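These notes are about the structure you will find just below.
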Amino acid sequence: MSYIVGCYSQIPHGSPNRVYERALDDSLKPFLTEVYNRDKASLQLYMTGSMIEWLDNNHKEVNMLIKNLVKLGKLEILTGSYYQAILPLVPPSDRVTQIEKATTIISKRYKMLAKTFWCYGEIWDPSLISSLNLSKIENVIVSCESPNIQSDLKSPFRMQELGKSIVILPPNASISKAIMAYSLADINFDELYKIIKDTNNGNKNNLAMINLNQLLQGGIKPEEMARLTDLLFSDSLLSLDELIEEKYKNKPLPINYLDKGWYGFDSLLTSDESIQEVLSKDYGLSYLYNRLLSINDIARHYKKDRDIKKKILKLIPKIHCGAPFLCDANASLLRGDVRANLWKYLIKIEKTLNSLESFSYPYVLDVDKDGLDEVMSSGKTINTIIDPKDGSLLELKYYPAECNFADAIVPKGPFFKDIDLVVPGKKLKVFKSIILDSDYNMAEYKMKDNQDIEKNYELETLDKKYLEFGLICSKCDNYPLKFSRHYKLSSNEIEFYQRIENTSSKDMNFKAGVEIPLTFFPYYKNSLIFSINDELCNLDDNMSVEEGVNVFKITDKMNKARITISSPTMFSLLSKNIFLERHTTVGKEKLYQFSFFAPTWNLSIKAGEFVDLAIKLRIERR
């Protein structure tokens, strides 16, 4: 029985070079070679905008081969959202921009007009039909099933929404499910091969979409890839138009409806059936998403200078990459380099707007949409956002390197289950208070043991330039303490002061400190130099506690920056690098997540008295 074969690779912008090399050498090339060597073959191919760019910069001969196969009628390129935006999460005004940029680059590189859309992440919403129509898209390839959703929609159908229509082409769910099982080592290659062979012999759905990255994640060998491509192309003679024509013999396609949802077998899903549900339950991802929306809204309000407006509009699509929200074969959710790429463009927009005397940047706004206004403070080279919820810092952006050193998140799901330190579903904040019993062993520190529950501070801006702030929390439910905080920013330094007052009638003995989670992306072995009291030390994935510390420094060789954290009062310092081990497109990887530091003091405060603590955080160019 004739059927159609498609393959796709979803490597996002910001991925390391080795990811692209592996995808090309061990998956894309074998498919292209098989198509080239056969007299009769047809392949549907989706590549991300970043993959097309990378090929253009590093392997022009591959792009020439793809162009030649298109000319011979053996290859059809699928379009998508250029920066891998999850389009239902993108403002409608930006959706068409994402699609048309992808379609334009395909037209320029490969001399064909793409009319079939690959739905990234297979996250679908009927509201997309209007944007797809405006972009002159005729077909959408998106699954109608997932691990959580069963469907009877297995053949092509026409879908209508608000007077617009599109053709939906569902891939064969049995094949997609088997490839995902292979990627997770639930089945071996022989079992995968048999499933694909049996499915194509007896199933009426003839569209097979092969996730190349999942094949690599499963560890497919060259000889196995050769067997697989030989099987797939032994009878692959159809284009998408011919597939529809063969099924319906020029009869009108049936009308059906695919509701919004998270479909397919590309990503590890929780029990949630929509990306919106995931964002509502995971503060770390929600913060990133809302932060991107807020800078998008702020940027679009600028209209005075046409050239600056044009520059900003070119940057906006780059911040809408959806890869950091999905854990697929590339582990983009856990790969900080991908998030760092978003922060780079967000900072470019922010720097541009902050430098304009004609534009009033909103320093007070509800960034995370929690009902409380956060306050932005910007020195000459550093920028931060103060959260009144617990008086900590949500961001620590360093403008010269265009990076955010406070980008530590802990997504929900099974990823951090073996790391006792963290609590999943959180964004870690800089200078969050630590309150523990005086005899607590910091070498076994867990965030869930921290007695400092989330509390709201009264935040006051102390100068007109938004560089100095006072915060007071007069009531804590679980202990008789009053907290006062003070932040002062200069060009490249943050001065942090905290007063802890004993409001009880008894003397109190306890351990107090702050959490300082920092991120250094891109991270490579030996890319960080760590010192305590000016002596070089190891910073690895073992929990380490040093006593009698006044200052510690982290030099980030990749971003050419040094962070110095000091206090006039000696403290104990907990330090640890957090890594996750995971099988990805390039095999077993040890993925760096963040570096965790916690200076603490043993305090004894008499009734009615207080103690002052001070920390300075300086960032310098190195």
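Ordering ASP439, ASP366 by accessible area with a probe of 1.4 Å, largest first, what comes out? Show your work: numbers first, answer last.
On the way: ASP439 130, ASP366 35 Å².
Descending order: ASP439, ASP366.
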Accessible area per residue in Å² at 1.4 Å probe, computed on the stretch 1-109: 36
With Cα atoms, 0 to 90° folded angle of helix 283-300 axis to the chain main axis: 80
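Working out 0.36 nm times the residue gap between SER358 and MET112, then minus their Cα-Cα distance, what length gain in nm do you get to one decimal? Don't skip to the end; give the middle numbers.
Working: separation 246, 0.36 × 246 = 88.56 nm, distance 4.39 nm.
Length gained, SER358 through MET112: 84.2 nm.
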13 Å cut-off, amide nitrogen to a point 7 angstrom out along LYS560 Cα→Cβ, residues in the stretch 393-431: 400-402
Label of the coordinate-derived value, log10 I(q)/I(0) by the Debye sum over Cα atoms at q = 0.05, 0.09, 0.10, 0.12 Å⁻¹, listed as (i) -0.46, -0.89, -1.01, -1.25; (ii) -0.26, -0.77, -0.92, -1.20; (iii) -0.27, -0.86, -1.03, -1.35: (ii)
Filtered trypsin sites (Lys or Arg not before Pro), the stretch 257-310: DSSP coil and at most 15 other beta carbons within 10 Å: LYS303, LYS304
FRET efficiency, 1/(1 + (r/R0)^6) with R0 60 Å, evaluated for ASN63 and ASP437 via beta carbons: 0.45
Convex hull volume of the stretch 269-363 per residue (C-alpha atoms, cubic angstrom): 103
Nearest-ten-degree value, helix 189-202 long axis tilted from longest Cα axis of the chain: 50
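Express the accessible area of the stretch 267-325 per residue in Å², computed with a 1.4 Å probe while the remaining protein chains stay in the model.
Working: 2650 Å² over 59 residues.
Here the residues of the stretch 267-325 average 45 Å² of exposed surface.
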With all protein chains modelled, accessible area of HIS583 [1.4 Å, Å²]: 100
Residues of the stretch 329-353 with amide N under 12 Å of a point placed 7 Å along Cα→Cβ from LYS311: 348-353
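Would you mind telling me the share, in percent, of accessible area of the chain contributed by carbon and sulfur at probe 1.4 angstrom? List each step's numbers first, then the result.
Working: 11970 of 25330 Å².
Within the chain, the accessible surface is 47 percent carbon and sulfur.
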The stretch 52-208 - share of DSSP beta bridges that are antiparallel (%, nearest 5): 45
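The values are calculated or read from the model by the stated rules, or taken from the named source; none is laboratory data. Being a predicted model, the structure only gives us computed values, none of them experimental. Ideal geometry is used to build each Cβ from the backbone, glycine not excepted, and the neighbour counts take in all protein chains shown. Quick note on the areas: whole protein, heavy atoms, side chains included, nothing else; ligands and nucleic acids left out. Shrake-Rupley method; radii C 1.70, N 1.55, O 1.52, S 1.80 Å.
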